[in-house]
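Right, one structure below, let's go through it.
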Amino acid sequence: MDIRIPVGTWIADFFDWVEVAFGWFFEPLRSLFLGLYDAVAWVFGTPPALVVIALVAVGALLARGWRFAIGSALGLLFIVGVDQWDNAVASLSLVLVAAFLAIAAAVPLGIWAARNDRVSKTLKPILDFLQTLPAFVYLPPALALLRIGVAPAVIATFIFAIAPGVRLTELGIRGVDKEVVEAGQAFGAHPRRILRQIQLPLAMPSIMAGVNQVIMLSLSMVVIAAMVGAPGLGQDVVQSISALNVGLGFEAGLSVVVLAILLDRFTASFGKGMGLYSTWRRRRLAQREADEQARFDAEILEVGGPRRSPGGLGG
Amino acid sequence: MNDDTIALRAEGLYKVFGRHADEAVIALHRGTPRDELGAATTAAVIDASFEVRHGEIFVVMGLSGSGKSTLIRMLNGLHGATAGTVEVGGERLTDISPKRLREIRRRRISMVFQHFALLPHRTVIDNVAYGLEIQGVERDERIARARRVTEIVGLQGWEEKHPSELSGGMQQRVGLARALAADTDVLLMDEAFSALDPLIRREMQDQLLELQAELGKTIIFITHDLNEAMYIGDRIAVMRDGRIVQIGSPEDILTNPANDYVEQFVQDVDRTKVLTAESVMRKPRAVVHVGAGPRAALTLMRDEQVAGAYVVSKDRSIVGWVRDRDVFDLVRRGVKDLSSVIQSDHGAVATDTALADLFIPSLEAALPLGVLDSRDRLVGVIPRVTLLAALGGEPEAAVQAAPRPDPMPTAEVDQVLEAAVGAGAAEPKEAL
Ligand SMILES: Nc1ncnc2c1ncn2[C@@H]1O[C@H](COP(=O)(O)OP(=O)(O)OP(=O)(O)O)[C@@H](O)[C@H]1O
Ligand SMILES: [Mg+2]
């Protein structure tokens with residue numbers, strides 16, 4: 001038997017067609033990716049490394065506390081110490097751009113899927129497909145359409161990282177207590193308002209877990225990104241393989257780990273009430289409550305009547 | 001019934017979940033039983049019609065799965081009706097635009113949920129103000145109004161807490177306050193107190209009744225607890241398998257259950273708290289007009305085979321009672337006036353006295369316990385047997401149970417009466 005399904009030919013033809021038909025689309029897309037990347041790289045790359053490290057440490061202090069601040073400063077100093085700072089900035093910029101785009105697409109898709117079963121059913125296999133398809137498979141078409149450099153790296157990272165963002169957003173919104181959503185409806189709230197005031201806030205932990213996942217997956221793509229010509233830590237890793245340079249490989253690899261830990265901890269702390277910022281916020285709330293109480297007490301003194309206890313429940 | 005006394009009207013409401021909903025409605029309409037619709041089709045509510053008056057507490061009661069939640073959710077459009085109409089304040093709620101529906105929900109009808117459904121990320125006061133926020137009331141005013149309602153439900157001092165810091169009972173007070181603050185005429189409450197423990201629950205029921213008396217809200221209350229239904233309901237609809245099988249006052253449901261199902265359902269209600277003197281009393285048989293003479297009174301007691309009779313004035317208001325032996329004496333002595341033997345300690349009770357409060361008076365009264373209306377007119381009596389029968393849950397028996405008088409021997413009475421007639425004594429014949 002010699003039956004061969006010419007899937008390869010079809011897909012190649014398809015992409016040839018896409019290249020011709022949608023060339024007008026991919027050129028601006030490429031410029032967009034490059035522009036975003038350059039902007040982020042400029043922000044992190046222009047100031048001296050030590051200034052950036054100090055700012056990151058302050059951010060870490062606000063987000064999680066002292067230990068994380070010290071840890072992140074040490075980690076970044078290590079990167080500077082092994083002379084990977086510029087590469088790290090390049091990788092970080094790539095990751096942030098790709099992750100930002102992936103999240104910007106994933107959250108609305110997740111919301112849409114949560115509200116519409118048909119969309120959910122359609123998206124599910126597509127996401128599975130994107131996540132399991134080996135990255136090397138979609139690199140050639142990405143290269144063909146976007147040419148070598150940052151742009152195909154962004155699109156490859158985007159495709160690889162988007163799935164958990166969509167899934168966890170959908171899960172989070174579907175997981176919001178149905179009765180609470182019904183309460184919004186029962187009082188006559190517009191669906192958009194219910195989304196904004198009830199569903200999104202309550203789904204936030206899940207959505208943030210999705211954001212975290214997207215960023216971590218993006219970071220795991222730096223080596224593959226390097227293969228399509230994006231600058232960064234991946235370049236040194238690839239080079240270490242071809243040159244059998246064990247030392248260089250580890251230096252770059254450990255720098256990736258440092259970035260990973262930093263990004264993970266930062267994103268995981270969103271909305272968890274850790275760090276200095278949350279402490280301030282809590283203090284402000286407590287102060288407001290105390291003020292309220294004082295006002296009540298004053299009112300009661302004025303009226304002179306006994307205060308009604310909360311329904312006689314004894315607190 | 002006048003239209004502007006109706007707060008909410010449901011007519012021929014159907015809700016069918018699953019496939020072929022419209023065909024299912026037609027089939028049900030033709031009389032196909034609900035379990036022959038097929039596995040993929042659930043008829044949750046079948047042909048429900050009722051009217052709820054302004055200021056009424058209308059309770060929907062039924063076992064789990066009988067369709068109560070589905071029904072109440074159709075009343076504010078959370079579920080669209082498969083067939084039938086709902087009107088709130090004279091305005092149709094079925095088949096209108098989503099925008100108009102939201103408008104009605106904002107202005108006319110609010111809801112209290114079984115598991116409170118508070119917004120966990122908002123403080124108590126912001127939760128209470130939520131309905132007003134949706135209505136577009138600006139912040140200062142809505143907070144001020146929410147504060148007042150929070151105080152009414154007894155949560156002053158808790159405004160800045162989050163729901164998770166409150167006990168279940170207090171959370172439901174927030175839920176109630178949120179619905180009250182929205183200031184709609186109609187309040188839907190789906191098993192609002194079912195998640196609370198019994199003591200708190202009773203407290204909340206009392207508070208609800210208090211609030212209702214104060215604010216005059218129209219309340220539609222769902223429960224599967226019969227005692228709760230009987231306690232707070234002005235009228236009760238009993239649901240079974242999606243159908244409303246009976247609508248009536250708590251006493252109606254208890255004393256005239258529409259079918260075996262309802263009868264079984266109401267079996268373990270604490271009747272003594274629900275039933276009142278009025279619902280078990282019987283027509284008074286031996287009642288004598290105060291102007292009637294002893295002979296007429298004695299004749300009546302002989303005919304009715306009773307040992308005593310209540311004495312009433314011309315407008316039927318109670319004067320007292322007489323014993324047959326005393327009247328017998330009067331007749332024998334030829335006295336023409338009853339008044340000397342009328343005893344005033346009749347011990348009669350009001351029509352709305354709960355059964356639980358009838359036992360002592362019933363034991364103390366020499367005659368079947370008298371029942372008086374608001375103008376002290378004797379409208380019924382409750383023999384002890386009737387009282388006992390009513391407790392046993394057999395309203396029929398209560399009506400049939402005969403009193404066991406211990407009257408004077410008839411022969412003796414006849415003799416005296418004849419003698420009196422022989423003496424030619426004349427007296428007004430006014431036995432009632
Ligand atoms: N969204 C739905 N889809 C399909 N079937 C449903 C849906 N909601 C309710 N049902 C079915 O409709 C019937 C009535 O349910 P409903 O929730 O109204 O009962 P209930 O009287 O409120 O019961 P409970 O006391 O348990 O709350 C049940 O058989 C239920 O399985
Ligand atoms: Mg229910």
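The values are calculated or read from the model by the stated rules, or taken from the named source; none is laboratory data. The shown structure was predicted, so the numbers you read here are calculated from the model rather than taken from an experiment. So basically every Cβ, Gly included, is an ideal-geometry build from the backbone, and we count neighbours across all protein chains shown. What goes into the accessible areas is simple: the full protein's heavy atoms, side chains included, and nothing from ligands, DNA or RNA. Shrake-Rupley method; radii C 1.70, N 1.55, O 1.52, S 1.80 Å.
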Taking a ≥ b ≥ c as the square roots of the eigenvalues of the Cα gyration tensor, with a/c under 1.5 meaning rounded and otherwise prolate when a/b exceeds b/c and oblate if not, the stretch B:118-273 is prolate
Using a ≥ b ≥ c from the Cα gyration tensor of the stretch A:30-95 (square roots of the eigenvalues), is it rounded, prolate or oblate, where a/c under 1.5 gives rounded and otherwise the larger of a/b and b/c decides, a/b for prolate?
prolate
³J(HN,Hα) across the stretch A:218-233 via Karplus (A = 6.51, B = -1.76, C = 1.60, θ = phi - 60°), whole Hz, x for Gly/Pro?
4, 5, 6, 9, 4, 5, 5, 4, 4, 5, 9, x, 6, x, x, 4
3J(HN,Hα) from dihedral phi, the stretch B:239-253, Karplus parametrisation 6.51/-1.76/1.60, rounded to Hz, x for glycine, proline
9, 8, 6, x, 10, 7, 9, 7, 10, x, 5, x, 5, 3, 4
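Express as a percent, rounded to the nearest 5, the fraction of DSSP beta bridges in the stretch B:278-422 (both residues included) that run antiparallel. The partial results should precede the final answer.
Numbers: 12 of 17 bridges.
Counting DSSP beta bridges with both partners in the stretch B:278-422, the antiparallel share is about 70 percent.
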Quick calc: nm separation of the 7 Å Cα→Cβ label points for B:Asp352 and A:Leu74 -> 7.8
Answer in debye to the nearest 20: the dipole magnitude of the protein assembly as shown about its Cα centre, from +1 Lys/Arg and -1 Asp/Glu charges placed on Cβ, is 1580
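Mind checking how much accessible area B and A bury in total, 1.4 Å probe, in Å² rounded to 100?
Working: alone 20400 and 18780 Å², together 36030 Å².
Summing both sides, the interface buries roughly 3200 Å².
To the nearest 0.05, how large is the calculated FRET efficiency for B:Tyr261 and B:Ser164 if R₀ is 45 Å and r is the Cβ-Cβ distance? Please report the intermediate quantities before stating the final value.
Numbers: r = 41 Å, r/R0 = 0.91.
Once rounded, the FRET efficiency stands at 0.65.
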Quote the accessible area belonging to A:Asp86 in square angstrom, nearest 10, computed with a 1.4 Å probe and with ligands, DNA and RNA left uncounted.
120
Rounded to whole Å, sorted largest first: equivalent-ellipsoid semi-axes of chain B, Cα gyration tensor:
56, 26, 18
Rounded to the nearest 500 deg cm²/dmol, what is the calculated helix-only ellipticity per residue at 222 nm for the protein assembly as shown, with -39500 (n - 2.57) per DSSP H run of length n ≥ 4?
-17500 deg cm²/dmol
Which one of B:Leu372, B:Pro383, B:Ser313 has its Cα pushed farthest toward the positive end of the charge dipole of the stretch B:278-422, where Lys and Arg give +1 and Asp and Glu give -1 at the Cβ?
B:Ser313
For the stretch A:152-240, what number results from the quotient of the Cα radius of gyration and 2.2 N^0.38 Å?
1.54
Most fluctuating residue given options B:Asn259, B:Asn227, B:Asn76, as computed from a GNM of chain B linking Cα atoms under 10 Å
B:Asn259
To the nearest 10 degrees, how steep is helix A:7-21 against the longest Cα principal axis of chain A, on a 0 to 90 scale?
80
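For the pairs B:Lys68/B:Lys99; B:Lys99/B:Lys161; A:Lys178/B:Lys161; B:Lys314/B:Lys336, flag any whose C-alpha to C-alpha distance is greater than 28 Å. Working shown, then result.
Numbers: B:Lys68/B:Lys99 26 Å; B:Lys99/B:Lys161 33 Å; A:Lys178/B:Lys161 23 Å; B:Lys314/B:Lys336 18 Å.
Exceeds cut-off: B:Lys99/B:Lys161.
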Measure nothing fancy, just the Cα-based angle from helix B:139-152's long axis to the longest principal axis of chain B, in degrees from 0 to 90, nearest 10.
30
Across chain A, how large is the tail of the calculated P(r) beyond 36 Å, expressed as a percent of all Cα pairs?
35
List every residue whose amide H lies under 5 Å from the amide H of B:Ala83, counting only residues 5 or more places away in sequence or on a different chain, with H placed 1.01 Å from N in the peptide plane.
B:Tyr14
Rounded if a/c is under 1.5, else prolate if a/b beats b/c, else oblate: with a ≥ b ≥ c from the C-alpha gyration tensor eigenvalues square-rooted, which is the stretch B:37-96?
oblate
Angle between chain A longest axis and helix A:49-63 axis [Cα atoms, degrees, rounded to 10]
40
Two-decimal Rg/Rh of the protein assembly as shown from alpha-carbon positions, Kirkwood Rh?
1.21
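Taking every DSSP beta bridge with both residues inside chain B, roughly what % is antiparallel (nearest 5)? Could you put the intermediate results ahead of the total?
Details: 35 of 59 bridges.
Bridges in chain B that DSSP calls antiparallel: roughly 60 percent.
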Long-range amide H contacts for A:Gly149: which residues qualify at under 5 Å (H placed 1.01 Å from N, peptide plane, sequence gap of 5 or more or a different chain)?
A:Gly229, A:Ala230
Over all directions, the stretch B:278-422 yields a Cα convex hull whose mean projected area in nm² is 8.3
Whole-Hz ³J(HN,Hα) for each residue in the stretch B:290-296, computed from phi via Karplus 6.51 cos²θ - 1.76 cosθ + 1.60 with θ = phi - 60°, x for glycine and proline: what do you get?
5, x, 5, x, x, 5, 4
For B:Ser167, enumerate residues with amide H under 5 Å from its amide H, sequence gap 5+ or separate chain, H modeled in the peptide plane.
none
With +1 on each Lys and Arg Cβ and -1 on each Asp and Glu Cβ, and nothing else charged, work out how big the dipole of chain B is about its Cα centre, in Debye to the nearest 20.
620
